[in-house]
Amino acid sequence: MTASRTGAMMGGVPAADLRSRQWSMLVGGELRPAGDRATCAVRAPATGELLAEVPDATTDDVDAAVAAADRAAAEWRAVPVRQRAAALRSVAALLRRHRDELGWLDALDTGNPVTAMRGDVDLAVDLIEHYADWSLALSGSSLPGDGDHLHYTVRQPFGVVGRIVPYNHPLMFSASRLAAPLLAGNTVVMKAPDQAPLSALRLGELVGEALPPGTVSFLSGAGSRVGPALVGHPSVRRVAFTGSVGTGQAVLQAAAAAGIKTVTLELGGKNPMLVLPDATPAEAAAGAVVGMNFHWTGGQSCGSTSRLLVHRRLVDEVVEAVVDGARRVVVGDPLEAATEMGSMITPEHRDRVLGYIDHGRAEGLRLATGGGVPAGVPAAGAFVEPTVFVGVPPTSRLWRKEIFGPVLVVTPFDDDDLAVRMINDGRLGLTASIWTNDLSRAHRLAAAVEAGYVWVNTASRHFVGMPFGGVKDSGMGREESVEEVWSFTETKAVTVRLGPAAP
């Protein structure tokens with residue numbers, strides 16, 4: 001890995017210029033600093049170098065953003081839905097025009113490969129355009145009456161929506177998660193991720209071209225202060241959060257303490273990949289490497305299939321191929337086109353992941369590859385090697401805890417039903433992947449595993465329109481689908497008496 005790329009160019013602008021740039025929050029159509037002008041530092045996790053100073057929002061800033069959203073809400077909900085869809089398409093067009101810049105910002109800010117982060121911009125565009133296509137799904141229905149009455153329902157927006165998004169896909173989440181609430185006629189206050197706020201703040205600078213003032217605001221700063229203020233604000237009636245289980249619980253508590261709010265949560269996963277004895281070993285092994293998201297976020301994705309259960313008949317062959325695939329992952333400078341995996345989000349998170357690896361060693365688990373920091377990376381960089389442990393029992397901490405890093409654990413099994421019991425014996429249930437050439441068996445197991453999204457003979461891919469979300473502690477609600485659009489509406493029932501008014 002090259003030692004430093006903070007002098008790298010983007011559109012003729014040195015990355016070092018980010019430090020002298022004035023970063024602002026979009027609040028009520030205006031770009032502004034924090035109310036007390038406080039800032040917080042943003043560092044490049046691949047090098048440890050300072051990238052920028054961004055506004056550290058106060059609770060007064062939250063109040064101002066929500067008040068602006070509340071003022072804009074009546075006008076925005078009155079805009080015909082097809083026009084709201086057209087505004088979303090304008091946002092998508094802005095993302096296309098700024099694709100390289102936004103992907104570059106996320107690569108610097110997250111340590112993820114720039115090719116992957118540009119792909120995140122493409123995914124956001126695709127999602128937004130699909131939401132715009134769903135505008136006519138915001139219809140109500142009519143119900144059979146008794147001849148004297150007309151019954152119908154309408155979908156109406158909540159008003160102000162608070163959204164809090166995570167650091168692993170900053171631009172993709174900040175942009176695409178605006179679409180459903182805006183299409184439904186709500187206004188949005190978006191909290192950018194603490195660790196990687198730059199692309200969200202840049203998006204705030206751009207969307208003024210496409211959206212009326214106050215329709216969207218972007219806040220940065222300490223989530224421990226901004227998050228509770230946003231979730232608990234009395235004018236915020238709808239909340240959506242993506243992140244950890246613990247923070248999701250705190251969001252629910254803060255929302256409940258402030259009133260009766262509608263909340264959706266997309267939380268963590270300790271996701272299984274089940275390789276049955278009739279599967280093709282080479283294909284399953286390649287799927288396991290892809291499913292771990294080594295090549296995208298270094299395993300820092302809630303849908304990563306980090307538990308690999310392989311039938312004992314195939315385990316040696318599959319493990320050999322998985323280890324080979326993990327060793328082939330190119331780890332390095334996130335700004336280099338050849339890089340497939342970058343750094344963890346912070347040095348603290350790197351140390352947390354390495355702590356899990358040390359725990360695995362202390363348990364006596366067999367480390368097949370990785371387990372440390374790659375050679376040739378900056379000492380201040382938050383890097384961890386792609387790591388595979390083999391023969392991990394379901395009692396192990398590495399089996400049960402979401403590590404959120406490039407650590408894959410492999411466990412052999414002999415019986416389908418036992419494997420399903422092992423998978424379901426836990427609090428999380430986001431995704432699962434099943435590899436088999438027996439489709440009858442695949443359908444049976446897909447029904448049996450406790451997960452919100454199941455892949456068969458593939459892994460980790462999202463398909464727009466397919467509802468994504470988890471069961472148990474992995475969350476509630478579904479995203480990336482028309483169900484998400486509906487979730488940002490309330491149903492109103494109307495009955496009209498036909499003819500003379502009743503006495």
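The values are calculated or read from the model by the stated rules, or taken from the named source; none is laboratory data. Since we're looking at a predicted model, the values are computed, not measured. FYI the Cβ positions are ideal-geometry reconstructions off the backbone, even for glycines, and counts take in every protein chain you see. Accessible surface is based on the protein model in full, side chains and every heavy atom, while ligands, DNA and RNA are left aside. Shrake-Rupley method; radii C 1.70, N 1.55, O 1.52, S 1.80 Å.
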Kindly list, by first and then second residue, each pair from a residue in region 391-410 that is within 20 Å of residue 327 (Cα to Cα) and open to solvent by 10 Å² or more (accessible area, probe 1.4 Å) to a residue that is part of a strand (DSSP E or B) and of a type in the set (Ser, Thr, Tyr), limited to pairs with Cβ atoms under 8 Å and residues at least 6 apart or on different chains.
391/411
Hey, residue 314 at pLDDT 95 or above, touching a Phe, Trp or Tyr at 6+ places or on another chain (Cβ under 8 Å) and not small (Gly, Ala, Ser) or not
no
Could you please let me know if residue 233 is buried (at least 24 other Cβ atoms within 10 Å of the Cβ) and farther than 30 Å from residue 447 by Cβ?
yes
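Here's the yes/no breakdown for (1) modelled with pLDDT of 90 or more; (2) more than 26 Å from residue 98 (Cα to Cα):
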| site | (1), (2) |
| --- | --- |
| 8 | no, no |
| 11 | no, no |
| 34 | yes, no |
| 37 | yes, yes |
| 40 | yes, no |
| 45 | yes, no |
| 54 | yes, no |
Name the single residue, out of those in region 351-366 being assigned to a loop (DSSP other than H, G, I, E, B) and touching a Leu at 6+ places or on another chain (Cβ under 8 Å), that is least open to solvent (accessible area, probe 1.4 Å).
365
Which residue pairs have Cβ atoms under 6 Å apart, sit 6 or more places apart or on different chains, and have a first residue in region 301-323 that is closer than 18 Å to residue 436 by Cα and among the hydroxyl-bearing types (Ser, Thr, Tyr) and a second that is open to solvent by less than 20 Å² (accessible area, probe 1.4 Å) and in a loop (DSSP other than H, G, I, E, B)?
305/271; 305/459
List the residue pairs whose Cβ atoms are under 7 Å apart, where the first residue sits in region 198-211 and is open to solvent by 10 Å² or more (accessible area, probe 1.4 Å), the second is assigned to a helix (DSSP H, G or I), and the two are 6 or more positions apart or on different chains.
202/102; 202/105; 209/94; 210/87; 210/90; 210/91; 210/94; 211/87
Starting from residues that are touching a residue at least 60 places away in the same chain (Cβ under 8 Å), closer than 16 Å to residue 352 by Cβ and of a type in the set (Val, Ile, Thr), keep the ones in region 368-390 and report whichever is surrounded by the most Cβ atoms within 10 Å (Cβ to Cβ).
384
Being open to solvent by 20 Å² or more (accessible area, probe 1.4 Å) and either in contact with a Lys or Arg (Cβ under 6 Å, 6 or more places away or on another chain) or more than 24 Å from residue 458 (Cα to Cα) (or both) is the filter here, so list the residues in region 302-337 that pass it.
335, 336, 337
Within region 339-350, restricting attention to residues that are more than 12 Å from residue 295 (Cα to Cα) and part of a loop (DSSP other than H, G, I, E, B), which residue is most open to solvent (accessible area, probe 1.4 Å)?
346
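Yes or no: region 323-338 includes at least one residue that is over 29 Å from the mean Cα position of the chain (by Cα), more than 28 Å from residue 451 (Cα to Cα) and not in a loop (DSSP other than H, G, I, E, B).
no
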Got at least one residue in region 41-57 being surrounded by 17 or more Cβ atoms within 10 Å (Cβ to Cβ) and assigned to a helix (DSSP H, G or I)?
no
Counting only residues in region 236-267 that are touching an Asp or Glu at 6+ places or on another chain (Cβ under 7 Å) and β-branched (Val, Ile, Thr), the one surrounded by the most Cβ atoms within 10 Å (Cβ to Cβ) is identified as 242
Every listed condition ((1) in contact with a Gly (Cβ under 8 Å, 6 or more places away or on another chain); (2) surrounded by fewer than 19 Cβ atoms within 10 Å (Cβ to Cβ); (3) within 21 Å of residue 179 (Cα to Cα)) holds for residue 89 save (1)
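So which of 189, 216 is open to solvent by less than 10 Å² (accessible area, probe 1.4 Å), among the aliphatic types (A, V, I, L, M), under 18 Å from residue 265 (Cβ atoms) and modelled with pLDDT of 95 or more?
One residue alone meets the criteria, 189.
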Region 418-441, residues that are over 27 Å from the mean Cα position of the chain (by Cα) and touching a residue at least 12 places away in the same chain (Cβ under 8 Å)
419, 436, 437, 438, 439, 441
Is it true that some residue in region 468-476 is over 26 Å from the mean Cα position of the chain (by Cα) and within 30 Å of residue 366 (Cα to Cα)?
no
Is it the case that some residue within region 485-499 is open to solvent by less than 30 Å² (accessible area, probe 1.4 Å), assigned to a helix (DSSP H, G or I) and either more than 28 Å from residue 307 (Cα to Cα) or out of contact with any Gly (no Cβ under 7 Å at 6 or more places or on another chain) (or both)?
yes
A careful count of residues in region 107-165 that are open to solvent by 30 Å² or more (accessible area, probe 1.4 Å), out of contact with any Asp or Glu (no Cβ under 7 Å at 6 or more places or on another chain) and assigned to a strand (DSSP E or B) gives 9
Return the residues of region 417-446 that are open to solvent by 10 Å² or more (accessible area, probe 1.4 Å), at pLDDT 95 or above, farther than 13 Å from residue 274 by Cβ and out of contact with any helix residue (DSSP H, G or I) (no Cβ under 8 Å at 6 or more places or on another chain); say none if nothing qualifies.
425, 437, 440, 443
Residue within region 147-158 that is within 30 Å of residue 303 (Cα to Cα), at pLDDT 95 or above and in contact with a Leu (Cβ under 9 Å, 6 or more places away or on another chain) present
no
